[in-house]
Amino acid sequence: MKVAFLASEVIPYAKTGGLADVAGALPKFLARLGADIRVFMPLYREVRKKNLPLEPVLDGASLDMDGEKLSYSVFAHRADGVTVLFIDRPEYFNRDCLYGTSAGDYPDNGERFAFFCRAALETMRALRFAPDIVHGHDWQSALTFAYLRNTYAGDEFFGRTRTLFTIHNLAYQGLFDRDLLGRVGLPASLFNMKALEFYGKVNALKAGILYAAAVTTVSPRYSREIQTPEFGCGLDGLLRARSGVLHGILNGVDYRDWDPATDRLIPRHYTPSDRTGKTACRQELARMFGLEAPAGRPIAGMVTRLAGQKGLDIVCDALEALLGLGLTLVILGTGDQKIQDFLLAAQKKHPKRIGLKIAFDERIAHTIYAGSDVFLIPSRYEPCGLTQMYAMKYGTVPVVRATGGLDDSVQEFDPAAGVGNGFKFVDAAQGPLVEATRRAMTAFSRPDEWPTLVGNAMAADFSWERSAAAYLALYNKLLAPA
């Protein structure tokens, strides 16, 4: 099976968020299942800085966009059974950042990513890679499906191609002025409510939802949530109309990078059968942040964006109550200035009870996963979430809000039955967060319960093998005769 995989960011080449993790991992596991994968992404400055051995595969190509010839080249890099094809147009992609600066998004993002979509399709033709599946991700690749429906309608090269679009976060939709359509070679007639118009703007994300044969989200719960006004970001009606082809497939984790038995970034290794190394990681975490962390009092960790979407305002409201329970709190992340300032003031007030690092540091992040006892994730919404999956692998028990992939991956612990891998709360408010944390601390204080709960968490399987098999099954379903 030939799969063309379009994503605007892919680890280890360029990353701003979870999309890159998925786009970097999923193709590798699909390739192991026998798929022939070509990943398409822009050749950013960030990629150039890595000095990778890139092989030129297409030079001197050009596209006609609104009567203007735009040139580009394509380079390839091969690793882990996957070929990544970089679309190189320096005027568009050789910039300091992927999507914009602290001052805002680049004003020509509509043209940049429309060009990426068209150039990827033309590269498939030039390299004679006729895909069985075109799988696009988020708004940056969504116009691919508008081009296939319009510009390439009737093109025999794509005659057998089927399409899949994945929404990683519905809140990011790619909104542009109506004249974008003409500038990127799409019919002006698409500017209507039943096509790409959205409250007076062109909505790139709508192209993927409307024109792909099937649509997926990154968890089953999120696929249902986005069909409601609360989570639908104005597109819930369209998503309900397409509910028959809307699927939720939970993201996975690459356990080669996230396993306390082999993780090179943590102080001591440990396994489900021998967890003594976790105590050493806990001690190092406390030392790293200068914290008092006696064995009878749990450390609660957070590795997160300091933003309202992640529920950090709820944490701020609940902070004194959480400390009143007796826990020690460690937070790593960056984000909203007001939240940063609040937490910095709280850390100064409670220097032995709150550890805070306003940054992102991979080694510290891994040490927090390994050294904490519980992990707080009070997100207001979370399409999938990976931090709860990482935490469980490290025997760190998650306390999460029951939304999106958090609800799908965390099962409330039942001490009587000895089943479950964490704790959940429903309402996005300080009271429910504190109460769920109290339940976690009660389990922590009971030596007949806590080892069972930690064992359940470490045994949870969120491997990409499972997720990749689900995607491959969906590909096969799309390709099956009607």
If you roll a 1.4 Å probe over the range 1-60 with all protein chains in place, what percent of the accessible area is carbon or sulfur?
-> 48 percent
Roughly how many Å² of S273 are accessible to a 1.4 Å probe, to the nearest 10?
-> 110 Å²
Taking a 1.4 Å probe, which of K477, K201, K352, K310 shows the most accessible area, and what order do the others take after it?
-> K477, K352, K201, K310
Using R₀ = 35 Å, calculate the FRET efficiency as 1/(1 + (r/R₀)^6) where r is the Cβ-Cβ separation of T276 and A359; round to 0.05.
-> 0.70
Solvent accessible area, Å² - T163, 1.4 Å probe, full protein context = 20 Å²
Mind scanning K15/K201; K278/K393; K310/K424 and naming the pairs with a C-alpha gap bigger than 21 Å?
-> K15/K201
Counting only protein chains, not ligands or nucleic acids, how are D236, D336 ordered by accessible area (probe 1.4 Å), most first?
-> D336, D236
When only the heavy atoms of the protein chains count and the probe is 1.4 Å, how do R78, R118, R125, R242 rank by accessible area, highest first?
-> R78, R125, R242, R118
If each K or R counts +1 and each D or E counts -1, the residues other than E9 whose Cβ falls under 10 Å of its Cβ total -2
Counting other Cβ atoms within 10 Å of each Cβ, which chymotrypsin sites (Phe, Trp or Tyr not before Pro) in the range 333-374 have at most 13 and sit in a DSSP loop?
-> F360
Accessible surface, the chain, averaged per residue in Å² (probe 1.4 Å) | 40 Å²
By how many degrees, between 0 and 90 and to the nearest 10, does the Cα long axis of helix 337-349 differ from the longest principal axis of the chain?
-> 20 degrees
Any chance you could run the full-extension gain for A213 through T334? It's 0.36 nm times the residue separation minus the Cα-Cα distance, nm to one decimal.
-> 39.8 nm
Cβ charges +1 (Lys, Arg) and -1 (Asp, Glu), total dipole of the chain, debye = 460 debye
For the range 349-482, the percent of accessible surface on carbon and sulfur atoms (probe 1.4 angstrom, ligands and nucleic acids excluded) is 55 percent
Pop out the carbon and sulfur fraction of the accessible area of the range 117-243 as a percent, whole number, probe 1.4 Å.
-> 49 percent
Using R₀ = 35 Å, calculate the FRET efficiency as 1/(1 + (r/R₀)^6) where r is the Cβ-Cβ separation of A295 and T16; round to 0.05.
-> 0.35
Rounded to two decimals, the Rg over Rh value of the range 72-183 from Cα coordinates and the Kirkwood Rh reads 0.96
Which three lengths, in whole Å and largest first, does the range 386-462 cover when its Cα atoms are put on their principal axes?
-> 30, 26, 19
For the range 336-380, with +1 on Lys and Arg beta carbons and -1 on Asp and Glu, the positive-most of I368, A345, P378 along the dipole = A345
Can you give the accessible area of T262, probe radius 1.4 Å, in Å² rounded to 10?
-> 80 Å²
Multiply the residue separation of F129 and E465 by 0.36 nm, subtract the distance between their alpha-carbon atoms, and state the gained length in nm to one decimal.
-> 118.4 nm
Filtering chymotrypsin sites (Phe, Trp or Tyr not before Pro) in the range 171-237 by DSSP loop and by at most 15 other Cβ atoms within 10 Å leaves Y199
Within straight cross-link reach of K477, meaning Cα distance under 28 Å, which lysines are found once same-chain residues fewer than 8 apart are removed?
-> K2, K28, K194, K206
Relative contact order, percent, of the range 178-268 when contacts are C-alpha pairs under 8 Å separated by at least 6 residues?
-> 20 percent
Quick one: what are the phi-derived ³J(HN,Hα) couplings along the range 134-150, Karplus 6.51/-1.76/1.60 with θ = phi - 60°, whole Hz, x for glycine and proline?
-> 9, 10, x, 10, 6, 4, 5, 10, 5, 5, 3, 6, 5, 5, 4, 6, 10
Restricting the count to DSSP beta bridges whose residues both fall in the chain, what percent are antiparallel, rounded to a multiple of 5?
-> 30 percent
How much of the DSSP beta bridge set in the range 317-447 is antiparallel, as a percent to the nearest 5?
-> 5 percent
For L6, other-chain or 5+-apart residues with amide H closer than 5 Å (H placed, Pro excluded) are F40, H135, G136, H137
Contact order normalised by residue count of the range 121-253, Cα under 8 Å, 6+ apart, percent | 24 percent
Inverse of <1/r> over all distinct C-alpha pairs of the range 297-449, i.e. the Kirkwood Rh in Å, gives 15.2 Å
Multiply the residue gap between A480 and D80 by 0.36 nm, knock off their C-alpha separation, and tell me the result in nm, one decimal place.
-> 141.2 nm
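The values are calculated or read from the model by the stated rules, or taken from the named source; none is laboratory data. Keep in mind it's a predicted model, so treat the numbers as computed, not measured. FYI the Cβ positions are ideal-geometry reconstructions off the backbone, even for glycines, and counts take in every protein chain you see. Quick note on the areas: whole protein, heavy atoms, side chains included, nothing else; ligands and nucleic acids left out. Shrake-Rupley method; radii C 1.70, N 1.55, O 1.52, S 1.80 Å.
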